[in-house]
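Heads up, the thing below is written out as structure tokens.
The values are calculated or read from the model by the stated rules, or taken from the named source; none is laboratory data. What you see is a predicted model; the values in this text were computed from it and never measured. When we count neighbours, we look across all protein chains shown, and the Cβ atoms used for this are built from the backbone with ideal geometry, even at glycine. Surface areas here come from the heavy atoms of the whole protein model, side chains and all, with no ligands, DNA or RNA. Shrake-Rupley method; radii C 1.70, N 1.55, O 1.52, S 1.80 Å.
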Amino acid sequence: METRWLEDFLVLADTGSFTRSAEIRHLTQPAFSRRIKSLESWFGADLIDRTTYPTRLTAAGELLREQAVLMLGQINSTRAQLRGLQPLPAGTLSLAVPHTLSFSFFPKWLSSVEQGFGPLSCRLQASNVHDALLAFVEGGCDLLMCYHHPKQPVDLADPRYSGLRLGVESLRPYVRSNPDRSPRHALPGSAAQPLPFLGYASNAYFRLMTDLILEAAPEPPFLSLRYETDMAEGLKNMVLEGHGVAFLPTSSVRRELRSRQLVLAAEQGWSVDMEVRLYRDKKRSRPELDAFWDYLAASADPV
């Protein structure tokens, strides 16, 4: 069995559509269907009830849906741990970083740090927030970079860990701009014309942050969910193609804002701020790690 078959299956379970799932997985529908059939053959059970539409799961499929999330999480966690066991070149620091931070915040932050500290050799382990945290606490890396919000905190209160605040990231609603640079869609929408909404999958940290924004919104939003993924970069590309509105971290859209490809779908009351933090384990000490941490600690606020 291939892990991508499980990933395909979970997408199908969420969408209820072979056509939509194939698009999300960047496959032709026949190729996607063959993968699902291969998964059913491997388990020796029908997972999809093909007598109904939209597509529904059989009892076996519902059971696998629950277990597949756990299985993929364990596989990804083990992979992160094994990568962490690989020997690093001398002087190299290993960091566990969520995907979105690795794409947007980390490159600019590293450039800024190296201006004062000097060239730094790094190994980046990019994953989801949960797996990044797990890799760190289980000793698979030197440092953890992550988001923190009081209502969705990263639980590293153990005195063995030290933390620094590196900055603040905002999650705000963005849409494709019209030729006159006005927003193609504007929150909150209306009951008659709900906005096409591009959201995060249920296992994504930004899904929790988006829910906080919508719960505290100044007006009731009218949204029609069109697309889900766990990657902010994937949502950004969908927004750029004009498919709807999505809540994106500001650091990931700086270039598109400068070029006026993207604009805000609302100005006030539709955002949330998150701290970007860096953690280390005090028991994990090497000269290059200690020197780097001391340099950062001289200018950053402790957690």
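Structure above, values below:
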{"quantity": "Any helices (runs of 4 or more DSSP H) falling wholly within region 1-63 and containing at least 2 residues that are exposed (fewer than 14 other Cβ atoms within 10 Å of the Cβ)", "calculated": "3-15, 29-43"}
{"quantity": "Region 243-298: number of residues that are open to solvent by less than 80 Å² (accessible area, probe 1.4 Å), closer than 30 Å to ASP142 by Cα and assigned to a helix (DSSP H, G or I)", "calculated": "11"}
{"quantity": "Top-ranked residue in region 155-196 [being within 30 Å of GLU288 (Cα to Cα) and aliphatic (A, V, I, L, M); ranked as farthest from the chain's Cα centre (by Cα)]", "calculated": "ALA157"}
{"quantity": "In region 134-154, residue farthest from the chain's Cα centre (by Cα) [restricted to those that are at pLDDT below 85 and of a type outside the set (D, E, K, R)]", "calculated": "GLY139"}
{"quantity": "ARG79 being closer than 30 Å to PHE136 by Cβ, in contact with a helix residue (DSSP H, G or I) (Cβ under 9 Å, 6 or more places away or on another chain), charged (D, E, K, R) and at pLDDT below 85", "calculated": "yes"}
{"quantity": "Condition check for GLU23: among the charged types (D, E, K, R) and either within 19 Å of HIS99 (Cβ to Cβ) or at pLDDT 90 or above (or both)", "calculated": "no"}
{"quantity": "Filter result for THR58 (β-branched (Val, Ile, Thr) and at pLDDT below 85)", "calculated": "no"}
